[in-house]
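**Q** Before I ask anything, let me first share the structure, which is written out below as structure tokens.
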Amino acid sequence: MWRWSVLPLLLAGGVLAGTRFERRSFTVGPDSFLLDGQPFHYVSGSVHYFKVPAAYWRDRLTRLRAAGVSALQTYVEWSSHQPEEGVTDFSGQQDLEQYLRLAQELGLLVILRPGPYIDAERDLGGLPYWLLRRQNVSLRSSDPAYMEAVTGWYDQLLPRIRPLLYSNGGPVIMVQVENEYGSYSSCDAVYMTQLRDLLRRHLGDDVLLFTTDGGADYFLRCGPVDGAFATVDFGTGSDAAEAFAAQRRHNKIGGPAVNSEFYPGWINHWGYPRNMVSTEEVVNATKTLISLGANFNVYMMLGGTSFGLRAGANMGDTFEACTTSYDFNAPYTESGNITDKLYALRELIYPYTNMTEMAVPDPLPVTSYGEVKMTWQTSLLEAVQALNVTRVSDSPAVPFCDVHQAYGFVAYSAAVTWKPPQPAVLSVPGVRDRGYVWLDGRPVGVLSRAESAFSIPLLAAKESTVTIIVESLGRICYGDIHDRKGILEAVTLGGRELTNWSITALPQDLTQLVPETPTPQGDALHPALYRGTFSAADPPADSFIHFPGWHKGVAFVNGVNLGRYWPAVGPQMTMYVPAPFLRAGENTVTLLELDGAPCGPQESCAVALKDYPDLNGPTPDRISP
């Protein structure tokens with residue numbers, strides 16, 4: 001068995017005891033992996049670079065290495081690198097190559113999952129929203145409209161990866177083809193072959209390609225592809241031996257048992273109780289994996305945060321939006337703190353991997369900055385009315401993608417040109433996902449996809465103005481992901497169609513809506529922008545925003561979008577504020593509160609920055625509109 005304590009030497013250049021290997025290789029043997037020809041097994045951990053501030057990459061990867069694992073597993077998020085068609089970014093937060101080099105510097109191998117679809121509970125499963133502008137595009141298929149974009153993306157990405165392959169002196173030992181494709185309805189073998197061939201064309205034959213699917217024959221019908229090693233994924237409640245038997249049935253050349261996603265926790269949705277997996281369950285399942293001689297990846301070892309508005313959604317019995325926090329009940333918390341689960345896993349992983357033991361770094365500093373008084377700046381409707389109209393359309397059926405709106409909000413406004421009955425029902429069956437309705441400047445109700453609440457009665461008159469500001473709560477990331485946002489169908493009032501719509505895309509940076517001088521304060525029920533300041537010492541420390549009395553909205557610190565908050569439905573009650581987002585001296589908090597601030601005119605509102613999170617708050621049985 002290979003001694004993993006020499007991995008840093010191998011990763012530094014393939015030199016051991018003064019002898020240079022003629023060829024570095026990572027391959028599949030009859031019942032094990034082979035690293036430079038020697039039997040080998042790995043334990044890896046998932047930490048996604050796009051869910052961790054770049055300033056914390058080294059810290060988080062050091063913590064990963066201290067868990068005893070021998071490899072990093074990460075997705076590559078296409079939408080982060082090509083946010084708009086024709087735009088490619090591998091700098092700063094998107095500097096994937098730097099992230100992988102840091103892993104190598106710390107003695108970690110890398111298992112890379114470049115999608116193009118990744119899920120990861122991200123908007124559209126990590127695919128760029130602009131794909132939806134392609135008429136009738138079929139995502140995750142051999143549709144030329146889709147594959148043309150994928151090919152262009154891989155032409156940018158994969159030449160950057162090739163020098164980082166293990167055979168070329170880098171850390172990357174395995175590259176995944178697609179992601180859990182056996183769970184997708186298309187079952188397009190041509191598509192999987194096209195992806196495999198693109199990877200081979202750019203990366204050559206000296207890298208191990210693999211697929212990942214659920215641990216049953218049903219999922220393995222369509223996920224594997226010839227020329228790629230099939231692996232499975234499953235959590236603590238599954239029969240590991242049975243899952244690995246299914247894996248073996250779909251690998252023609254044998255090979256080791258591999259669980260590419262072993263779940264020590266689970267995802268969370270707004271309005272539903274927090275999902276927890278006990279340390280005892282994780283320990284027992286890990287012991288089983290080790291007893292079977294399996295290779296496995298802890299998904300997630302550290303979950304991080306879907307900053308901005310990048311969290312995705314799922315479609316269960318109803319539409320379920322994912323929380324901003326991706327804590328995942330993982331061995332390390334969202335902010336990198338240590339849990340009992342981490343210590344319990346270390347005791348099992350180190351003897352199995354034989355990695356040289358590394359102490360777990362101390363937690364990063366965290367502080368309470370105290371109460372931050374928030375003051376009214378302007379109502380959301382006033383802010384929108386000051387913007388230029390993006391498009392005029394006879395029909396409101398204009399999705400976000402058609403007005404180049406990746407995330408956030410789009411306003412739809414139309415005049416009533418006839419005398420409607422009193423009341424008249426406003427029907428918006430195509431709202432995706434949440435619509436805030438104004439009549440003649442007064443907020444009159446909320447439409448909600450999650451609750452199938454697509455209509456409200458209005459006391460409208462001829463020449464009244466109806467405005468609907470639509471919020472995306474994240475595109476579906478699993479299953480049928482063709483999830484366009486906005487208003488997708490005709491809107492009727494009293495059964496008669498409203499026409500001649502003005503459509504306005506709001507800026508991604510909602511702090512741009514804050515006027516130089518606050519407008520007169522309206523009713524607290526008005527969706528509105530609020531702002532406050534606090535002071536931080538040098539250097540700043542991590543903190544967590546608490547929202548006493550606030551309901552739902554989007555939070556910014558110093559112009560950085562922290563994501564959605566929704567303590568009114570839980571379970572996430574607080575938002576993580578990493579120190580790199582702060583500065584010594586004055587810092588600014590901006591909130592777009594959508595469901596009503598905890599104060600009326602002339603009253604004081606506040607948030608609080610404290611030194612602890614709360615991700616396990618109360619939740620209703622269902623989300624209320």
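The values are calculated or read from the model by the stated rules, or taken from the named source; none is laboratory data. Predicted model only: the values in this text are computed from it and were never measured. Heads up, the Cβs are rebuilt from the backbone with ideal geometry, glycines too, and the neighbour counts pull from every protein chain shown. Each accessible area value is taken on the protein alone, full model and side chains, heavy atoms only, with ligands, DNA and RNA left out. Shrake-Rupley method; radii C 1.70, N 1.55, O 1.52, S 1.80 Å.
**Q** For the range 279-410, go through all pairs of different Cα atoms, get the mean of 1/r, take its inverse, and jot down that Kirkwood value in Å.
**A** 20.0
**Q** Send over a whole-number figure in Å² for the accessible area per residue of the chain, probe 1.4 Å.
**A** For the chain, the solvent-accessible area averages 36 Å² per residue.
**Q** When the Karplus curve 6.51 cos²θ - 1.76 cosθ + 1.60 is applied with θ = phi - 60°, which whole-Hz ³J(HN,Hα) does each residue of the range 536-541 get, with x for Gly and Pro?
**A** 10, 6, 10, x, x, 10
**Q** Let me ask another. Given the range 203-350 reduced to its alpha-carbon atoms as identical point scatterers, what log10 I(q)/I(0) does the Debye formula return at q = 0.09, 0.12, 0.19 Å⁻¹?
**A** Debye curve over Cα of the range 203-350, log10 I(q)/I(0) at q = 0.09, 0.12, 0.19 Å⁻¹: -0.33, -0.59, -1.18.
**Q** What's the extension gain from Thr465 to Asp538 if we count 0.36 nm per residue and subtract their Cα-Cα distance?
**A** Using 0.36 nm per residue and subtracting the Cα-Cα distance, I get 21.2 nm.
**Q** Would you compute, from DSSP H runs of 4+ residues alone, the mean residue ellipticity of the chain at 222 nm, taking -39500 (n - 2.57) per run and dividing by the full residue count, rounded to the nearest 500?
**A** -5000 deg cm²/dmol
**Q** Let me ask something else about it. What shape does the range 23-147 have by the C-alpha gyration tensor, where a ≥ b ≥ c are the square roots of the eigenvalues, rounded means a/c under 1.5, and otherwise prolate means a/b greater than b/c and oblate the rest?
**A** Oblate.
**Q** Something else about it: Once the cut-off is 19 Å, how many percent of the Cα-Cα pairs in the range 188-270 end up in the long-distance tail?
**A** 43
**Q** Let me ask something additional. Apply the Karplus curve 6.51 cos²θ - 1.76 cosθ + 1.60, θ = phi - 60°, to the phi angles in the range 291-300 and return the couplings in whole Hz, x for Gly and Pro.
**A** 5, 8, x, 7, 8, 8, 10, 7, 10, 9
**Q** Determine which lysines satisfy two conditions relative to Lys485: a Cα distance under 27 Å, and not lying fewer than 8 residues away in the same chain.
**A** The qualifying lysines are Lys51, Lys552.
**Q** Heads up, I need the accessible area for Tyr218: 1.4 angstrom probe, whole protein in place, Å², nearest 10.
**A** Its heavy atoms expose roughly 140 Å² to the probe.
**Q** For Cys322, tell me the accessible area in Å² from a 1.4 Å probe, rounded to the nearest 10.
**A** Looks like 10 Å² after rounding.
**Q** Quick one: 3J(HN,Hα) in Hz for the range 583-600, Karplus 6.51/-1.76/1.60 with θ = phi - 60°, rounded, Gly and Pro as x.
**A** Along the range 583-600, the couplings run 9, 5, x, 7, 10, 10, 9, 10, 10, 9, 8, 9, 10, x, 6, x, 8, x Hz.
**Q** Taking the Cα-to-Cβ direction at Asp239 and at Asp480 and moving 7 Å from each Cα, how far apart do the two end points lie in nm?
**A** Placing both labels 7 Å beyond Cα along the Cβ direction yields 3.3 nm.
**Q** Straight-line reach from Lys610: which lysines fall under 17 Å, measuring Cα to Cα and dropping same-chain residues less than 8 apart?
**A** Qualifying lysines at Cα under 17 Å: Lys373.
**Q** Take the solvent-accessible surface of the protein heavy atoms, probe 1.4 Å, and return the percent of it on the chain that carbon and sulfur atoms account for.
**A** Carbon and sulfur atoms account for 49 percent of the accessible area of the chain.
**Q** Continuing with the same structure: Calculate the FRET efficiency for Trp418 and Thr318 from the Cβ-Cβ distance with a Förster distance of 45 Å, rounded to the nearest 0.05.
**A** It comes out at approximately 0.85.
**Q** On a C-alpha basis, how far is the centre of the range 342-393 from the centre of the range 105-180 in Å? Whole number, if you could?
**A** Going from one Cα centre to the other spans 25 Å.
**Q** Pull out a ≥ b ≥ c, the square roots of the eigenvalues of the alpha-carbon gyration tensor of the range 125-224, then state rounded if a/c is under 1.5, prolate if not and a/b is larger than b/c, and oblate in the remaining case.
**A** Oblate.
**Q** Right, here's the next one. Counting only other residues whose beta carbon sits under 9 Å from that of Leu364, what net charge do I get with K and R as +1, D and E as -1?
**A** After counting each charged neighbour, the total is -3.
**Q** Starting with the highest mean, order 57-66, 569-578, 278-287 by the number of other Cβ atoms within 10 Å, averaged over the residues of each peptide.
**A** Result, highest mean first: 569-578, 57-66, 278-287.
**Q** Leu309: net charge of surrounding residues, Cβ under 12 Å, Lys/Arg +1, Asp/Glu -1, itself excluded?
**A** Counting the neighbours of Leu309, the net charge comes to +1.
**Q** Here's a follow-up. Straight distance only, please: which lysines reach the Cα of Lys419 with their own Cα at less than 30 Å, same-chain residues fewer than 8 apart left out?
**A** Answer for Lys419, where 30 Å is the Cα cut-off: Lys462, listed by chain and number.
**Q** Could I ask something else about it? If you keep only loop residues by DSSP, which trypsin sites (Lys or Arg not before Pro) in the range 541-625 have at most 16 other Cβ atoms within 10 Å of their Cβ?
**A** Of the trypsin sites (Lys or Arg not before Pro), the ones in loops of the range 541-625 whose Cβ has at most 16 other Cβ atoms within 10 Å are Arg583, Arg622.
**Q** Now, a different point. Under the rule that a partner needs its Cβ under 4.7 Å from the first Cβ, which Cys of the chain have none?
**A** Those would be Cys322, Cys401, Cys477, since no other cysteine Cβ in the chain comes under 4.7 Å of theirs.
**Q** Let me know the volume per residue of the alpha-carbon convex hull for the chain, in Å³.
**A** Measuring per residue, one finds 146 Å³ for the Cα hull of the chain.
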